Amino acid sequence: MSEQDMIRVMLPDGSVREYPSGSSSLAIATSISEGLARNVLAAKVNGVVQDATRPIDTDATVQLLTWNDTEGKSTFWHSSAHLLAEALESLYPGVKFGIGPPIENGFYYDVDLNGQHFSQDDFKKVEDKMLELARQKSEYARKPVPKAEAIAYFEEKGDPYKIDLLKDLEDGTITFYSQGNFTDLCRGPHIPNTGFIKAAKVMNVAGAYWRGDEKNKMLTRIYAITFPKQKELDEYLYLLEEAKKRDHRKLGKELELFAFSEKVGQGLPLWLPKGTLLRERLENFLRKAQIRAGYSPVVTPHIGSKQLYVTSGHWEKYGKDSFQPIHTPDENEEFLLKPMNCPHHCEIYKTKPRSYRDLPLRLAEFGTVYRYEQSGELHGLTRVRGFTQDDAHIFCRPDQVKEEFIKVIDLVLYVFRSLGFEDFSAQISLRDPENKQKYIGGDEAWEKAESAIVEAAAERGLRTVTELGEAAFYGPKLDFMVKDALGRKWQLGTIQVDYQLPERFQLEYTGSDNQKYRPVMIHRAPFGSLERFIAILIENSAGNFPLWLSPDQVAILPISEKYEEYANEVFFSLQETDIRGFVDHRDEKIGRKIRDAEVTKVPFMLIVGEKEQAEGKVSVRRKGQGDLGAMSIPEFVQLFQEEVKLLV
Ligand SMILES: [Zn+2]
Ligand SMILES: [Zn+2]
């Protein structure tokens with residue numbers, strides 16, 4: 001073979017191999033290992049995801065995509081939508097097809113069932129058909145088609161939605177994909193054949209207007225999910241069930257932590273006594289850590305004059321979509337519910353002249369803010385209209401940015417570890433280097449801040465991804481993502497550099513040369529907001545909070561009425577040591593009292609009866625550990641405090 005017929009392929013590890021021109025990614029995979037080839041779903045060739053079976057005829061970078069790659073997964077699910085369509089076509093004659101995209105978990109297909117009924121009872125039938133077809137290992141065959149021919153095909157078939165889609169496509173760019181007896185209009189890419197699909201589950205059915213327009217016909221949207229192994233489907237369904245059980249809205253109600261009232265208003269949580277205890281413990285925990293880290297607590301009001309937000313720029317940017325101004329009897333006066341604490345803190349900075357020696361100044365506030373969210377967007381404690389940020393603003397000199405960043409990272413890591421979030425990563429958001437005019441602040445300042453963040457994250461060994469162009473227009477930032485017990489990702493704390501507000505508020509400090517300079521401002525919130533954080537904490541722990549956070553830490557259970565007085569004595573002596581709980585005074589059998597305390601997830605049960613009273617002891621049961629035997633109150637307090645010490 002002559003040299004011209006060879007192509008050079010660069011793999012992600014940087015190695016370069018030569019292959020005959022026209023080799024497919026699949027052939028490349030096979031040349032590496034048969035095992036790899038069996039798992040290749042698609043390939044990224046020169047940055048574009050395509051069928052692994054497509055021939056490659058130029059030098060290229062090739063990344064083989066498997067189930068472990070997001071793009072591999074979405075190709076798998078998108079291909080499964082074709083399989084679902086094939087199954088539907090064989091079960092529901094005359095069915096017409098809209099679109100069938102992959103989604104975060106699985107895929108859907110919008111179909112017109114031609115008046116035929118489809119409900120939950122039909123799911124199994126469709127799943128079985130999909131698997132039957134999958135076992136035929138039909139190839140997804142790609143075929144470029146002239147537009148006129150494509151239209152003729154769907155006219156003949158009688159599929160008006162595909163003809164509607166074809167209208168927007170340009171001749172010469174249209175492709176069909178066929179597997180088995182089914183042909184679809186599609187750009188691709190797809191997995192090599194249907195045999196990769198080993199497990200299928202129809203999840204849901206809903207109505208959806210064609211092209212999302214209510215003037216159009218309502219189609220049936222069928223949601224489904226598929227996997228390359230049955231075991232993975234089983235695992236997915238288990239996690240889904242588990243997530244339902246852990247839903248913070250459900251547990252929040254059962255554990256009496258918070259509630260919502262239509263009368264108070266949507267998206268405005270009411271914190272019940274037990275939820276308030278939990279919240280206060282979190283606040284105190286962070287307050288202490290912040291004092292140690294050199295923060296000064298401040299308090300500012302829940303409203304501010306409109307002018308404050310005109311100065312900060314919030315009014316111009318968000319005013320229209322926010323809660324509207326509050327008026328007073330004085331016609332010229334307007335106030336806004338505060339959407340963020342930063343402008344108030346800038347005014348605190350300005351209460352006196354600052355010198356370079358005063359910096360950094362770290363102002364911290366558990367500041368409640370109000371943001372208008374559309375009612376359809378509201379969700380439990382994770383999307384609300386009023387919430388409390390664990391906010392702080394650090395005003396520092398440009399040369400202090402890196403050190404301050406490291407300190408904030410340390411604080412955030414301390415918070416996460418203390419609360420049982422061990423698996424976290426961080427995203428560094430930098431400027432788009434191609435589009436610098438979008439951002440305010442000079443080049444030099446940006447470069448300094450960006451390298452400060454990158455270096456700080458590296459020094460603390462954070463697992464990071466860097467996104468160009470994701471910075472706010474006022475500065476670069478670092479966001480923390482945690483994985484919870486079910487492997488779900490949540491965005492939590494954030495650290496942001498800001499050049500804009502110091503400018504807008506004309507903040508200054510006097511340098512060692514007696515000149516005036518602008519400080520840099522850093523916004524940071526380790527929890528993000530208490531509401532959101534508590535929601536995640538509930539779902540991560542399934543309501544089994546660390547001992548120090550549990551609203552009720554002990555339940556004192558007298559065996560009968562006779563020992564109530566002794567139970568009360570135990571209760572009061574524990575209160576003096578700051579251990580919280582209650583006496584179960586109900587006229588119930590002890591077995592019932594124990595079960596109820598289990599259900600409400602109280603960590604310690606102290607059972608008292610005749611023997612305990614006579615010996616001045618309590619019988620201790622620890623949730624998850626069972627019976628720990630009888631001990632005196634001081635012995636119990638010591639045990640309790642040791643466990644708390646381990647956790648915080
Ligand atoms: Zn497709
Ligand atoms: Zn701020």
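The numbers here are math on the coordinates, done by the rules we state, and not lab data. Nothing here was measured: the structure is a model prediction, and the numbers come from that model. No Cβ is skipped: glycine too gets one built from the backbone with ideal geometry, and neighbour counts run over all protein chains shown.
Some points to look at:
- Across the cross-link table entries Lys250/Lys601; Lys274/Lys407; Lys73/Lys477; Lys124/Lys147; Lys124/Lys198, which are compared at the Cα atoms, the separations over 26 Å belong to Lys274/Lys407; Lys73/Lys477; Lys124/Lys147.
- Placing a pseudo-label 7 Å from each Cα along the Cα-to-Cβ vector at Ala630 and Asp59 gives an inter-label distance of 8.5 nm.
- The chain, relative contact order in percent, only Cα pairs under 8 angstrom and at least six apart counted: 8 percent
- Options Leu411, Leu492, Val554, ranked by Cα towards positive dipole end of the chain, top entry (Cβ charges): Val554
- Computed across the chain, the Kirkwood radius stands at 29.7 Å (inverse of mean 1/r, all Cα pairs).
- Counting only residues at least eight positions apart within a chain, or on another chain, the aspartates and glutamates with an alpha carbon under 18 Å from that of Lys306 are Glu316, Asp321, Asp330, Glu331, Glu333, Glu334, Glu347.
- Inter-part distance, the stretch 363-442 to the stretch 294-347, computed on C-alpha centroids, equals 19 Å.
- Net length gained if the chain between Glu262 and Asp423 were fully extended (0.36 nm per residue, minus Cα distance): 54.2 nm
- Shape of the stretch 102-216, Cα gyration tensor, a/c cut at 1.5: oblate
- For the peptides 634-642, 57-65, 528-536, 35-43, the ranking by mean Cβ contacts within 10 Å, running from highest to lowest, is 528-536, 35-43, 57-65, 634-642.
- Gain on full stretching of the segment that runs from Ser305 to Ser31 - 0.36 nm per residue minus C-alpha separation: 91.7 nm
- Inter-label distance, Lys137 to Ile406: 5.8 nm, where each label sits 7 Å from its Cα along the C-beta direction.
- Förster-model FRET efficiency, 51 Å R0, Ile326 and Glu170, C-beta, rounded to 0.05: 0.40
- Inverse of mean 1/r across different Cα pairs in the stretch 173-322, Kirkwood, Å: 22.7 Å
- For Ile197, neighbours were defined as the other residues whose beta-carbon sits under 15 Å from its Cβ, and their charges (Lys and Arg +1, Asp and Glu -1) total +3.
- Measuring between their Cα centroids, the stretch 453-509 and the stretch 158-210 lie 40 Å from each other.
- Rel. contact order, % - alpha carbon contacts under 8 angstrom, at least six apart, the stretch 268-385: 32 percent
- Spatially proximal aspartates and glutamates relative to Lys157 (Cα-Cα < 16 Å; intrachain offsets below 8 disregarded): Glu86, Glu89, Asp112, Glu149, Asp184
- For a straight C-alpha distance cut-off of 19 angstrom, the aspartates and glutamates reachable from Lys253 (same-chain residues fewer than eight places away being disregarded) are Glu241, Glu242, Glu262, Glu280, Glu531, Glu539, Asp552, Asp596, Glu598.
- Gyration tensor over the Cα atoms of the stretch 304-382: the corresponding equivalent ellipsoid has semi-axes (square roots of 5 times the eigenvalues, largest first) of 27, 19, 10 Å.
- Charge tally in the Cβ shell below 15 Å around Thr328, where Lys, Arg are +1 and Asp, Glu are -1, Thr328 excluded: -3
- Dmax and Rg, reported as Rg then Dmax, of the stretch 58-108 (C-alpha, Å): 14.4, 46
- Here the relative contact order of the stretch 148-265, from alpha carbon pairs under 8 Å that lie six or more residues apart, stands at 14 percent.
- In this simple spin-label model, placing a label point 7 Å from the Cα along the Cα-to-Cβ direction at both Gln638 and Ser15 gives a separation of 6.2 nm.
- For the stretch 36-135, the fraction of C-alpha pairs more than 21 angstrom apart is 44%.
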